[in-house]
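A.B. asks: Here it is, the structure, as structure tokens.
Nothing in this text is a laboratory measurement; each read-out follows from the coordinates by a stated rule. All values derive from a computational prediction rather than experimental measurement. For neighbour counting, all protein chains shown are included, and Cβ atoms are generated from backbone atoms with ideal geometry for every residue, glycine included.
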Amino acid sequence: MDKKYEIIEQIGTGCFGSIFCGRNKRTGELVAIKVEPIINNTKLLKNESCIYQFLSGCNGIPKVKWFGKDSANYYMVIELLGKSLETFKNERTFLPLTLTMQIGRQIVVLLQTIHDLGLVHRDVKPDNFLFGLNENRQRIYVIDFGFCKSYLDNGHHIENVKTNNLVGSPNYASINAHNFDQISRRDDLESLGYMLMYLHTGKLKWSNCTQQSTIQAFKTGILHCEGVADVFVQYLRYVRNLKFKETPDYRFLLEVLQ
């Protein structure tokens, strides 16, 4: 990698490695470089690079520029993006409802794109959605496909068998995920609902909780709490009622988020 790209500074961490801002030595182009130690023996970065390549050309998916390794690490070089929604929210404390809905509509379309190609992201959270740069600064991109998985097996939807642990981030995981059910399309969308609530209000009622059972209890009762905007109630009620294999009505969700 050092023949073509150089690392400038660390800009974040992913679920299995570190992320750096880097530069193409020949062109001067700034890029993002994700690094996974080979000693971890997970090869998650290689799998993630394959997913990026599979989704290549889709709106909101950053371009992979190079993947390779040296004696110590795997490297994936991708298009450099701007601020995450987490950073964007923190700079403002909370977002107006109209802006939150605009963001929500973009992400519903993004998730539909991924779902229509047979994949579920399984880690929908503000850190994994970034704004583009320059002429794409108002476009939202999705990153970090470390937990991404196909929900199809030979063209047929997988069955709902129990997992051994919660998949994703506890603050945004679906109630099904807390119950150790398999993640399907409905669960990505439920996670988005919690994420939009967080962006708009600045904090979730369970943000400071560490026990999964407490977080799950808060989520279960959130539709009946005072102060929750009707749009979130309508959105979450719909996605929670989806069956495991059911194809969500994305157009309906876009209407809800108007």
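A.B. asks: Could you pull out the pairs from K46/K205; K4/K34; K3/K63; K43/K63; K43/K219; K83/K162 whose alpha carbons sit more than 26 Å apart here?
C.D. replies: Violating the 26 Å Cα-Cα cut-off are K46/K205; K43/K219; K83/K162.
A.B. asks: Could you derive backbone 3J(HN,Hα) for the range 164-177 from the dihedral phi with the Karplus parameters 6.51, -1.76 and 1.60 (θ = phi - 60°), listing whole Hz in sequence and x where the residue is Gly or Pro?
C.D. replies: So the Karplus estimates, Gly and Pro as x, are 8, 7, 5, 9, x, 9, x, 5, 10, 4, 6, 4, 4, 5 Hz.
A.B. asks: Using a Gaussian network model of the chain whose springs link C-alpha atoms within less than 10 Å, name the residue from V239, V161, V228 with the highest mean-square fluctuation.
C.D. replies: V161
A.B. asks: So for the pair T98, N160, with labels modelled 7 Å out along Cα→Cβ, what separation do we get in nm?
C.D. replies: 3.9 nm
A.B. asks: Could you check the spin-label model distance between S56 and Q10? Points 7 Å from the Cα along Cα→Cβ, value in nm.
C.D. replies: 3.0 nm
A.B. asks: Would you please classify the overall shape of the range 6-159 from the alpha carbon gyration tensor, given that a ≥ b ≥ c denote the square roots of the eigenvalues, rounded means a/c under 1.5, and beyond that prolate means a/b larger than b/c while oblate covers the rest?
C.D. replies: Judged from the Cα gyration tensor, the range 6-159 comes out oblate (a/c at least 1.5, b/c at or above a/b).
A.B. asks: Under 1.5 on a/c is rounded, so check that first for the range 5-79, then, if it is not, pick prolate when a/b is larger than b/c and oblate when it is not; a ≥ b ≥ c are the square roots of the alpha carbon gyration tensor eigenvalues.
C.D. replies: Judged from the Cα gyration tensor, the range 5-79 comes out oblate (a/c at least 1.5, b/c at or above a/b).
A.B. asks: How many angstrom lie between the Cα centre of the range 137-207 and the Cα centre of the range 52-109?
C.D. replies: 16 Å
A.B. asks: Helix-only estimate, please: 222 nm mean residue ellipticity of the chain, summing -39500 (n - 2.57) across DSSP H runs of length 4 or more and dividing by its residues, to the nearest 500.
C.D. replies: My calculation for the chain gives -10000 deg cm²/dmol from helical runs alone.
A.B. asks: Which whole-Hz couplings ³J(HN,Hα) result when phi for each residue of the range 40-48 is put into the Karplus expression 6.51 cos²θ - 1.76 cosθ + 1.60, θ = phi - 60°, listed in order with x for Gly and Pro?
C.D. replies: The phi angles translate into 5, 6, 9, 6, 5, 5, 5, 4, 5 Hz.
A.B. asks: Next question. Does a label point 7 Å from the Cα of S150, set along Cα-to-beta-carbon, have any residues of the range 165-208 with amide nitrogen under 19 Å, and which are they?
C.D. replies: Only 182-186 fall inside the zone, counting backbone N under 19 Å.
A.B. asks: Right, another one. Report, by chain and number, residues whose modeled amide H sits under 5 Å from the one on N73, excluding near sequence neighbours (fewer than 5 apart, same chain).
C.D. replies: I38
A.B. asks: Here is a further query. May I ask you to list the trypsin sites (Lys or Arg not before Pro) in the range 1-90 that are in a DSSP loop and have at most 10 other Cβ atoms within 10 Å of their Cβ?
C.D. replies: The qualifying sites are K3, R26.
A.B. asks: Using modelled amide H (1.01 Å from N, peptide plane; none on Pro or chain starts), what sits under 5 Å from the amide H of E29, excluding residues fewer than 5 places away?
C.D. replies: Under 5 Å from the amide H of E29: N24.
A.B. asks: Got a sec to turn the phi values of the range 101-109 into Karplus ³J(HN,Hα) couplings, 6.51 cos²θ - 1.76 cosθ + 1.60 with θ = phi - 60°, whole Hz, x for Gly and Pro?
C.D. replies: 5, 4, 5, x, 5, 4, 6, 4, 5
A.B. asks: Have a look at N40, N128, N176 and tell me which one the Gaussian network model of the chain (Cα, springs below 10 Å) gives the largest fluctuation.
C.D. replies: It is N40.
A.B. asks: Could you work out how far apart the two model spin labels at N241 and S207 are, taking each label as a point 7 Å from the Cα in the direction of the beta carbon, and quote it in nm?
C.D. replies: Label-label distance for N241 and S207, simple model: 3.1 nm.
A.B. asks: Using modelled backbone amide H atoms (1.01 Å from N, in-plane), which distant-in-sequence or interchain residues come within less than 5 Å of L80's amide H?
C.D. replies: A32
A.B. asks: Does the range 133-258 come out rounded, prolate or oblate by the C-alpha gyration tensor, with a ≥ b ≥ c the root eigenvalues, rounded set by a/c under 1.5 and, if not, prolate when a/b is larger than b/c and oblate if not?
C.D. replies: It is rounded, given that a/c, with a ≥ b ≥ c, falls under 1.5.
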